[in-house]
Amino acid sequence: MTIAVDFDGTIVRHRYPAIGEERPFATATLRMLIEEHHQLILWTVREGKLLDEAVEWCRQHGIEFYAINKEYPEEDIERNPHYTRKLKNIDMFIDDRNLGGLPDWGSIYKMIHEHKSMEQILIEELRAEKPAPKHHWWQRPFKL
């Protein structure tokens, strides 16, 4: 699966142009996805020095992207007269600006690894958290 991943607000907390602290489990999850042979593309508004800093931050945390701000590593965006920032061959985007916000990284991994929707994950979590039924005083077992 080819997955585009945003940086600010997704991998790290928003502190742009600085780099914020890592969102819990972001880099661990991304490393697992890479180990499972998913192609990750860093897709960010950062350019120039700010982009270099983000890429280096990711490398220091064990994340090497398949491509950075392009669909594939060999894409020559400066020579392509038809280049657009629109990604065409991406299976999934992970971005804090999506509708409903960014799920936690455990849920993101589960969605990708188990091919589940956010709705399926939420239903499973609600079923798992179902409280034990409450007994009223008149429904309690009678003890002698």
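Out of everything in the stretch 18-39 that is open to solvent by 40 Å² or more (accessible area, probe 1.4 Å) and touching a strand residue (DSSP E or B) at 6+ places or on another chain (Cβ under 9 Å), what residue ends up being nearest to ASN98 (Cα to Cα)?
The residue in question is ARG23.
Within the stretch 40-53, can you find the residues that are surrounded by 11 or more Cβ atoms within 10 Å (Cβ to Cβ) and over 16 Å from the mean Cα position of the chain (by Cα)?
Matches in the stretch 40-53: VAL45, ARG46, LEU50, LEU51, ASP52, GLU53.
In this structure, does VAL55 turn out to be more than 27 Å from GLY100 (Cβ to Cβ), in contact with a strand residue (DSSP E or B) (Cβ under 7 Å, 6 or more places away or on another chain) and at pLDDT 90 or above?
So VAL55 fits the description; yes.
State all residues of the stretch 31-56 that are outside any loop (DSSP other than H, G, I, E, B) and touching a helix residue (DSSP H, G or I) at 6+ places or on another chain (Cβ under 8 Å); if no residue qualifies, say none.
Scanning the stretch 31-56 gives MET32, LEU33, LEU40, LEU42.
Return yes when ASN80 is open to solvent by 40 Å² or more (accessible area, probe 1.4 Å), of a type outside the set (A, V, I, L, M), modelled with pLDDT under 90 and within 12 Å of the chain's Cα centre (by Cα) and no when it is not.
Spelling it out, it is not the case that ASN80 is open to solvent by 40 Å² or more (accessible area, probe 1.4 Å), of a type outside the set (A, V, I, L, M), modelled with pLDDT under 90 and within 12 Å of the chain's Cα centre (by Cα).
Which one of these does MET92 not meet: (1) aliphatic (A, V, I, L, M); (2) at pLDDT 95 or above; (3) out of contact with any helix residue (DSSP H, G or I) (no Cβ under 6 Å at 6 or more places or on another chain)?
(2)
Return yes when ARG31 is of a type in the set (Lys, Arg) and under 16 Å from the mean Cα position of the chain (by Cα) and no when it is not.
Considered against the rule, which asks whether it is of a type in the set (Lys, Arg) and under 16 Å from the mean Cα position of the chain (by Cα), ARG31 comes out as yes.
Of the conditions (1) open to solvent by 40 Å² or more (accessible area, probe 1.4 Å); (2) of a type in the set (Val, Ile, Thr); (3) in contact with a helix residue (DSSP H, G or I) (Cβ under 9 Å, 6 or more places away or on another chain); (4) modelled with pLDDT under 90, ILE121 clears all except one; give me its number.
ILE121 satisfies every listed condition except (1).
So which residues in the stretch 7-17 are assigned to a loop (DSSP other than H, G, I, E, B) and crowded, with 20+ Cβ neighbours inside 10 Å, if there are any at all?
PHE7, THR10, ILE11, listed by residue number.
The values are calculated or read from the model by the stated rules, or taken from the named source; none is laboratory data. A quick note: this is a predicted structure, and the numbers were derived from the prediction, not measured. Cβ atoms come from the backbone with ideal geometry, glycine included; neighbour counts cover every protein chain shown. We work out accessible area using only protein heavy atoms, side chains counted, and drop any ligands, DNA or RNA first. Shrake-Rupley method; radii C 1.70, N 1.55, O 1.52, S 1.80 Å.
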